[in-house]
1. Would you mind pulling out the separation of the Cα centroids of the range 205-219 and the range 1-77, in Å?
2. If you project the alpha carbons of the range 44-113 onto their three principal axes, what span does each projection cover, largest first, in Å?
3. So with the 1.4 Å probe, I'd like the accessible area per residue for the chain, rounded to whole Å².
4. Can you give me the long-range amide H partners of MET56? Hydrogens built in the peptide plane at 1.01 Å from N, cutoff under 5 Å, separation of 5 or more residues or another chain.
5. Which helices of the chain meet both criteria: a Cα extent of 30 Å or more along the helical axis and a mean Kyte-Doolittle score no lower than -0.5, with helices taken as whole DSSP H segments?
6. Treating each Cα of the range 226-335 as an identical point scatterer and ignoring solvent, apply the Debye formula and state log10 I(q)/I(0) at q = 0.13, 0.18, 0.24 Å⁻¹.
7. Using a simple spin-label model with points 7 Å from Cα along the Cα→Cβ vector, what separation in nm is obtained for ALA391 and LEU146?
8. Determine, for each peptide in 61-73, 149-161, 352-364, 430-442, the mean count of other beta carbons within 10 angstrom over its residues, then list the peptides with the highest first.
Amino acid sequence: MNTLIAIIGLGVLCLLFEIFEWRKAIIPVTVIGLLAVLGLNISEFNSPEAYYNNMMIVSEFSTAFSSLFIILTIFLVILSHKFYENQQGKLSDFIAIKIFLLAGAVAMVSFGNLAMFFLGIEILSIALYVLASSSRLSVKSNEAGLKYFLMGSFASGIILFGICLIYGAMGSFDVIEISELSRSAELPVWFPIGIILVVIGMFFKIAAVPFHFWAPDVYEGSPTLTTALMSTLAKVVAIATLFKLLNVMNADLSPSFQLVIVIISMASMTVGNIMALRQVNVKRILAFSGISHAGFMLMTLLSTTNAAGTLLYYTSAYALAGIAAFSVILYVCKHNENEDITNFHGLGKTNPLLAAILTASLLSMAGIPIFSGFFAKLFLFNQTIQAGYIALVIVAVVNSIISVGYYFKLILAMYTKEPNEERTGTPITIYAVAVIAIVLNIALGLFPSYVLDLLA
């Protein structure tokens with residue numbers, strides 16, 4: 001709870017800096033503040049506690065994922081320095097929105113009450129709607145914001161309707177009470193229907209098939225930094241929240257529900273990878289890649305041993321690789337009208353370091369050793385096999401092989417094509433974020449137990 005209060009206070013402070021015209025201090029103060037919040041959050045790791053009549057529950061799960069969210073936000077704030085350099089009058093607005101989005105993310109994994117759960121979703125969603133359409137002179141950005149708002153509103157409405165049905169069946173919003181009541185022999189029919197509706201709404205948030213149609217267009221049309229946020233932080237928040245929701249409410253997966261998860265997982269991996277093979281826009285490639293990874297992440301819902309630790313490890317590996325990749329994309333495509341692969345031609349010659357970082361990021365997403373993406377899939381497949389879903393693992397392995405095709409399409413463009421233009425003056429912030437993110441990714445691969453054992 002102290003972490004959430006500190007994050008909100010930092011967001012308000014960002015707005016005050018604009019009032020007093022201390023714009024140059026916004027980025028450094030925000031980064032220092034987030035580092036302090038990270039330390040505060042880590043200090044609460046071994047101190048589980050409930051606040052405000054179980055509205056918020058601080059647990060090892062919420063603390064671990066909140067730490068990941070804060071780290072990703074620090075990277076995104078650092079990248080904001082150059083991305084918004086021509087909009088100094090609005091810098092505090094963009095930074096404050098990201099901080100308040102982080103507050104919604106923390107609330108989503110710390111909820112003890114369905115009212116807080118929905119409040120967190122709306123805080124995060126509204127911030128994303130604004131950021132998606134924040135480039136007001138861009139038709140693509142306006143279209144992306146409108147599409148995301150309309151589809152997101154439908155999803156939020158479905159979630160809210162599901163929560164209403166759960167309340168009607170149980171007479172409470174408190175997840176602990178709901179969990180206890182759900183163990184009774186006779187459950188009202190509204191309870192499973194409510195759970196299904198909430199899960200459908202969350203499938204939209206993680207862009208799982210068949211609720212994925214918004215993702216490619218919104219990712220392509222949104223400002224690149226917003227796309228990076230959606231692809232990493234927002235997706236990780238949604239899957240972690242869905243995982244917690246099904247666990248804290250004691251929603252044991254029936255055989256039919258397990259079959260649905262398996263089908264959606266297979267469909268997400270297959271559709272995401274096959275569609276990504278046909279793309280020439282890098283942001284659309286990563287959008288379909290994210291859909292595929294959502295399918296992999298859903299496999300944790302079927303695991304029975306240390307599924308939370310595996311999910312934390314997988315999301316950390318995926319998000320760090322995504323941050324590193326988008327750092328390079330921000331540099332390469334900043335002054336171009338699109339993010340097509342042609343913009344990356346010859347990057348290995350004009351900027352070998354960034355080309356190497358982007359290559360490492362893509363290899364991690366593809367599941368190639370020594371990167372943590374390989375070990376994340378290895379641990380995930382092992383747990384899924386132990387749970388008895390061998391066919392699902394076979395499909396996942398085949399899709400991992402397919403994904404190599406579109407990742408290497410971009411890698412080959414960087415090293416086998418002639419450069420289209422000379423690129424000079426790479427901002428130090430791009431180098432810093434890209435290098436730190438990929439180093440952390442490799443470190444996770446070398447020392448996986450440090451993350452896996454956090455939620456064992």
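The values are calculated or read from the model by the stated rules, or taken from the named source; none is laboratory data. As the structure is a computational prediction, the values presented were derived from the model and not from experiment. Here Cβ is always computed from backbone atoms with ideal geometry, including for glycine, and neighbour counts include all displayed protein chains. These accessible areas exclude ligands, DNA and RNA; they are computed on the full protein's heavy atoms, side chains included. Shrake-Rupley method; radii C 1.70, N 1.55, O 1.52, S 1.80 Å.
1. For the range 205-219 versus the range 1-77, the Cα centre distance is 28 Å.
2. So the extents along the principal axes, rounded to whole Å, are 45, 20, 14.
3. On the way: 17550 Å² over 456 residues.
Heavy-atom SASA per residue in the chain reads 38 Å².
4. The list, which skips near neighbours in sequence, is TYR51, GLY112.
5. Details: long enough: 60-83 (35 Å, 1.58); 139-170 (46 Å, 1.12); 255-277 (33 Å, 1.66); 307-333 (38 Å, 1.54); 390-416 (38 Å, 1.89).
In the chain, the long hydrophobic H runs are 60-83, 139-170, 255-277, 307-333, 390-416.
6. Each listed q maps to, in turn, -0.53, -0.92, -1.37.
7. Calculated label separation equals 4.3 nm.
8. Details: 61-73: 24.6, 149-161: 17.0, 352-364: 22.5, 430-442: 20.6.
Ranking, from highest mean packing down: 61-73, 352-364, 430-442, 149-161.
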